[in-house]
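One structure is given below, encoded as structure tokens.
The values are calculated or read from the model by the stated rules, or taken from the named source; none is laboratory data. Everything quoted here is computed from the prediction, not taken from an experiment. Positions of Cβ are generated from backbone atoms using ideal geometry, with glycine treated the same way; all protein chains shown enter the neighbour counts. Each accessible area value is taken on the protein alone, full model and side chains, heavy atoms only, with ligands, DNA and RNA left out. Shrake-Rupley method; radii C 1.70, N 1.55, O 1.52, S 1.80 Å.
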Amino acid sequence: MLLVLMTLVGCRDMFIREIDFEGETEPEMLVLTSTLEVGQSPEIRVSHSFFFNRTDKRPDDWITDAQLTLRINSQTYTLAYRDSGFYSNPSIQPLAPRDTVQVVATHPKYATATAQQILPGQIKAKVASYELQSGWLVFDLDLDAYQGNPDDVIAIHAAGQLKALYMLTNPVTWNMDILYSSDIIFAQAQNPEAEGYYGIMNGGLLYFPASLLKQPRRIRLFLDSYIMHYESLDWYKNIQISALEVYVMAYTQAVYRFDQSQRSYDAKYLPAPSGLPTEDENFMLEIMEELQAMLGEQEPKMVYSNVDGGLGVVAGCSSSVFSYVSP
């Protein structure tokens with residue numbers, strides 16, 4: 001029942017507390033969610049918690065009449081309700097690296113909720129090169145030294161697409177959505193690992209601590225497609241890269257911890273890159289699948305929050321994007 005109440009996580013200047021859940025008598029609390037992004041004007045979404053079996057409540061039951069105050073460094077602003085639970089103020093200038101942002105939300109029906117973040121530094125990265133190697137879409141990523149908070153995290157997301165002729169005549173495309181790297185830097189965070197490679201499936205994020213980016217660094221990564229685990233490249237001709245997108249983000253701890261708390265066992269499982277020898281059977285995976293079938297999707301998880309007096313997660317982010325699409 002703790003899971004269905006709310007699974008949330010904290011970040012920089014975070015406190016972690018266990019919530020003494022009292023069932024249907026548990027008081028409802030304000031829930032604040034926001035990713036404060038460098039270069040963007042801030043917006044905060046406000047809802048409230050409720051007992052899971054309430055038929056008169058919905059997850060998108062937004063609070064539209066809260067009083068929201070935002071303090072950025074020494075300047076204070078009032079936010080107004082816009083739509084879909086979001087509060088904003090168009091007069092606020094885009095957020096800058098290392099800004100200190102404090103959010104205060106009040107409402108007559110709920111306790112006052114507050115949160116604070118120191119925004120990450122601006123992350124700077126570029127794709128130095130990319131090419132096909134035996135069906136892998138390999139690319140080198142150059143990152144500048146990071147000037148932000150040492151307890152921030154760096155996250156990398158990538159996705160690609162290949163096009164080819166199948167059986168000489170049929171044009172096909174397939175997605176590359178499993179991201180791998182053998183760089184030891186990824187051993188410093190909780191990333192799935194297989195056969196000496198760190199990786200993530202289904203368009204997820206690979207993490208490493210920002211404190212390891214004190215100097216410029218080049219990281220080699222590659223994208224793979226699960227289709228290559230059961231089909232031969234011999235069936236395809238004229239294989240070409242048709243798209244590649246790479247996102248590099250600097251996050252406060254909130255995003256990393258939230259992602260880790262949300263990862264199921266399946267999300268932690270990583271197949272070895274295609275073309276490498278693997279075990280024919282993974283008996284632990286089979287056992288976990290049987291347990292999941294018996295127990296359903298329920299899995300106890302810690303409830304984290306960096307919202308004092310309420311629930312939620314208020315995080316900070318900066319990003320750098322590379323995108324290639326063939327003509």
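The condition of being modelled with pLDDT of 95 or more and part of a strand (DSSP E or B) holds for residue 222.
Would you call residue 280 under 21 Å from residue 121 (Cα atoms), surrounded by fewer than 21 Cβ atoms within 10 Å (Cβ to Cβ) and modelled with pLDDT under 90? When the stated conditions are applied, residue 280 does not pass them. In the set (1) in a helix (DSSP H, G or I); (2) surrounded by 15 or more Cβ atoms within 10 Å (Cβ to Cβ), the condition left unmet by residue 204 is number (1). Among the conditions (1) closer than 23 Å to residue 123 by Cβ; (2) open to solvent by 20 Å² or more (accessible area, probe 1.4 Å); (3) touching a residue at least 40 places away in the same chain (Cβ under 8 Å); (4) among the acidic types (Asp, Glu), the only one that residue 195 does not satisfy is (1). Comparison of 187, 155 shows that the only residue that is more than 24 Å from residue 232 (Cα to Cα), among the hydrophobic types (A, V, I, L, M, F, W, C) and free of Cβ contacts under 8 Å to residues at least 12 places away in the same chain is 187.
Out of the residues in the range 225-252 meeting the condition of being at pLDDT 80 or above and among the small types (Gly, Ala, Ser), tell me which one is nearest to residue 191 (Cα to Cα). So, considering only residues that are at pLDDT 80 or above and among the small types (Gly, Ala, Ser), the one nearest to residue 191 (Cα to Cα) is 250.
Does residue 122 satisfy being open to solvent by 60 Å² or more (accessible area, probe 1.4 Å), over 30 Å from residue 233 (Cα atoms), in contact (Cβ under 8 Å) with a residue 12 or more places away in the chain and not hydrophobic (A, V, I, L, M, F, W, C)? Spell out how you get there, then give the answer.
Details: open to solvent by 60 Å² or more (accessible area, probe 1.4 Å): yes; over 30 Å from residue 233 (Cα atoms): yes; in contact (Cβ under 8 Å) with a residue 12 or more places away in the chain: yes; not hydrophobic (A, V, I, L, M, F, W, C): yes.
The answer is yes for residue 122.
For the condition polar (S, T, N, Q), open to solvent by 30 Å² or more (accessible area, probe 1.4 Å) and at pLDDT below 85, residue 211 does not qualify.
Is it true that residue 255 is within 21 Å of residue 202 (Cα to Cα), at pLDDT below 90 and either among the charged types (D, E, K, R) or assigned to a strand (DSSP E or B) (or both)? The answer is no for residue 255. Against the criterion of being within 23 Å of the chain's Cα centre (by Cα) and of a type outside the set (S, T, N, Q), residue 120 qualifies.
Whether a residue is assigned to a loop (DSSP other than H, G, I, E, B) and either under 17 Å from residue 138 (Cα atoms) or open to solvent by less than 10 Å² (accessible area, probe 1.4 Å) (or both) was assessed, and residue 242 does not pass this test.
Among the residues of the range 87-109, none qualifies, meaning not one is in contact (Cβ under 8 Å) with a residue 12 or more places away in the chain and in contact with a helix residue (DSSP H, G or I) (Cβ under 8 Å, 6 or more places away or on another chain).
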